[in-house]
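Step one of this worksheet: look at the structure below.
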Amino acid sequence: MSALKEKLFEKIQAHRSRTTRLAKEYGNVHLGDVTIAQAIGGMRGVKCLVTDISYLDPMEGIRFRGYTIPEALEKLPKVPGAEMPYVEGHVYLLLTGDVPTAKEVEELAGEFKKRQHVPQYVFDVLKAMPGDTHPMTMFATAVLAMQRESVFAKRYAEGMSKMDYWDPAYEDMLNMLAKMPQIGAYIYRLKYRNGDIIAPDTNLDFGGNFAHMIGIDKPYDDVARLYFILHSDHESGNVSAHTGHLIASALSDPYYAISGMLDGLAGPLHGLANQEVLRWIQGVMKKMGGKEPTEEEMKKFVWDTLNSGQVIPGYGHAVLRRTDPRYKAQRDFCLKHLPDDPIFKYVDMLYKVVPPILREQGKAKNPWPNVDAQSGVIQWHYGLKEYDYYTVLFGIGRSIGVLSNITWDRALGYPIERPKSVTTDMLEEVAGIKK
Ligand code: HAX
């Protein structure tokens, strides 16, 4: 170890006990409007963000513009011959708060078709990346590479009134979203299908075209629609939504903001948990040599994971205190379309086994499954087995909510975000440990 690294390690070891003591013994002490526990503990529960796009109740789960998931799926106009609604209709709902008519959806779908052309240089950038690059790195890079297309950045450079910011933010939103199915599918085919790219079909809707370009038949188009809608928004405090809002608050344009929010989504405690769930289940299956585990064997795998200091992916949540309705919506889909899928059976057994174990362990505040516990099974079932790709699907969906929020942030003139930090010494003074 270098002398610098050694010195740093000594300092870290000396400092750790101070932070732990502050959080454990003085967590409830107030530091202005928040407690020491909230300042150290990732601002949990601090109400200081505003959004009307969606609201997350700890017990009920998400409502998009006031609608629960079943209500939104029922009310939004359906794609002819499909079980699921148009993703475009959900974009309309999040942006305006109104359920669109069939004509309004058609118009928006037409707008997307006009804007869907992806510049060749984006594909060239993707092709130039090493073959083992993670799909999320490719996705965030593709979005960042397109920053030169930003209408917001162009209009800002020309000199634009604050009152007009929402307009180019809206243009960037539609331009970017319209291209996402093709960029996402291109990454998949380039990385996992030897670059055998399928051209878009301009007659298809957002979800249908994505399924077509990925190369998976019906009902995968409905899987894509369901997936993009479910992952679109989860109010504003989660890492991806908050990152997008934060970056855009500096008036960095929506391309910068979306590229950055995708980086946050790529963390295993957030969006990457969907790949981790499948990776974990594959590990269990491998150990079982293909045999279905008994409940007792499954319990042992769960305890082994916890005892080795790892989290159970797909379980727990910072806000939710019940089973995630996004999990339920996907479980209902599985029960209808793939009840006998072996991985669905594993996942369903985990639903029985994990919550009591997390309760017994006594650490996680929410022992119930979140969206990521169920999402990979459906992808796997329809042949999309490359699980490190799953977070890209989440990212396409999440872009809808984050971009809607950014457009409204600019419309309402929300300022640059700038909370205040303090030092550990200051916390110890507030706690009365240090005079
Ligand atoms: N397995 C094991 N331990 C868990 C756990 C899980 N699934 N969930 C929480 N815990 C632990 C925490 O690691 C923490 O331990 P320490 O005290 O040792 O730090 C303790 O329980 C208290 O955590 P918490 O207050 O209940 O949860 P947080 O708000 O801190 O974290 C997380 C919420 C989602 C990050 C957490 O539940 C977790 O790590 N879950 C597994 C990863 C996962 O599924 N993430 C996706 C969440 C949904 C999402 O954002 N999707 O994108």
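No lab work stands behind these numbers, since they all come straight from the coordinates. Remember, it's a predicted structure, so these values are computed and weren't measured experimentally. FYI the Cβ positions are ideal-geometry reconstructions off the backbone, even for glycines, and counts take in every protein chain you see.
Before moving on, here are some points about what is shown:
- Filtered residue count, region 104-143, keeping only those that are surrounded by 17 or more Cβ atoms within 10 Å (Cβ to Cβ) and under 23 Å from Tyr389 (Cβ atoms): 15
- Only one of the listed residues (Asp233, Asp263) is in a helix (DSSP H, G or I) and in contact (Cβ under 8 Å) with a residue 12 or more places away in the chain. That residue is Asp263.
- The number of residues in region 52-68 being in contact with a strand residue (DSSP E or B) (Cβ under 9 Å, 6 or more places away or on another chain) and in contact (Cβ under 8 Å) with a residue 60 or more places away in the chain comes to 7.
- Of residues in region 258-301 being more than 10 Å from the ligand (Cβ to nearest atom) and among the polar types (S, T, N, Q), the one surrounded by the fewest Cβ atoms within 10 Å (Cβ to Cβ): Thr294
- Test for Ser252: is it more than 10 Å from the ligand (Cβ to nearest atom) and not in a helix (DSSP H, G or I): yes
- Members of region 286-308 found to be part of a helix (DSSP H, G or I) and in contact with a Pro (Cβ under 8 Å, 6 or more places away or on another chain), listed by number: Phe301
- If the condition is being part of a helix (DSSP H, G or I), among the hydroxyl-bearing types (Ser, Thr, Tyr) and surrounded by fewer than 22 Cβ atoms within 10 Å (Cβ to Cβ), then region 156-187 contributes Tyr156, Tyr170.
- Residue in region 209-218 that is touching a helix residue (DSSP H, G or I) at 6+ places or on another chain (Cβ under 8 Å), in a loop (DSSP other than H, G, I, E, B) and among the basic types (Lys, Arg) present: yes
- Taking the numbered list (1) away from the ligand (no atom under 15 Å from the Cβ); (2) farther than 24 Å from Asp324 by Cα in turn, Asp304 passes all entries but (1).
- Residue match in region 339-352 (condition: closer than 28 Å to Gly89 by Cβ and within 12 Å of the ligand (Cβ to nearest atom)): no
- Considering region 307-335, the residues that are charged (D, E, K, R) and within 18 Å of Leu358 (Cβ to Cβ) include one that is nearest to the ligand (Cβ to nearest atom), namely Asp324.
- Single residue of region 1-40 satisfying the filter (hydroxyl-bearing (Ser, Thr, Tyr) and either without any contact (Cβ under 8 Å) to a residue 40 or more places away in the chain or under 19 Å from Pro419 (Cα atoms) (or both)) that is surrounded by the most Cβ atoms within 10 Å (Cβ to Cβ): Thr35
- Taking the criterion of being surrounded by fewer than 18 Cβ atoms within 10 Å (Cβ to Cβ) and outside any loop (DSSP other than H, G, I, E, B), the residues of region 314-348 that qualify are Lys328, Asp332, Leu335, Lys336, His337, Pro342, Lys345, Asp348.
- Lone qualifier among Gly401, Gly397, Gly376 - being in a helix (DSSP H, G or I), in contact with a strand residue (DSSP E or B) (Cβ under 7 Å, 6 or more places away or on another chain), surrounded by 15 or more Cβ atoms within 10 Å (Cβ to Cβ) and not polar (S, T, N, Q): Gly401
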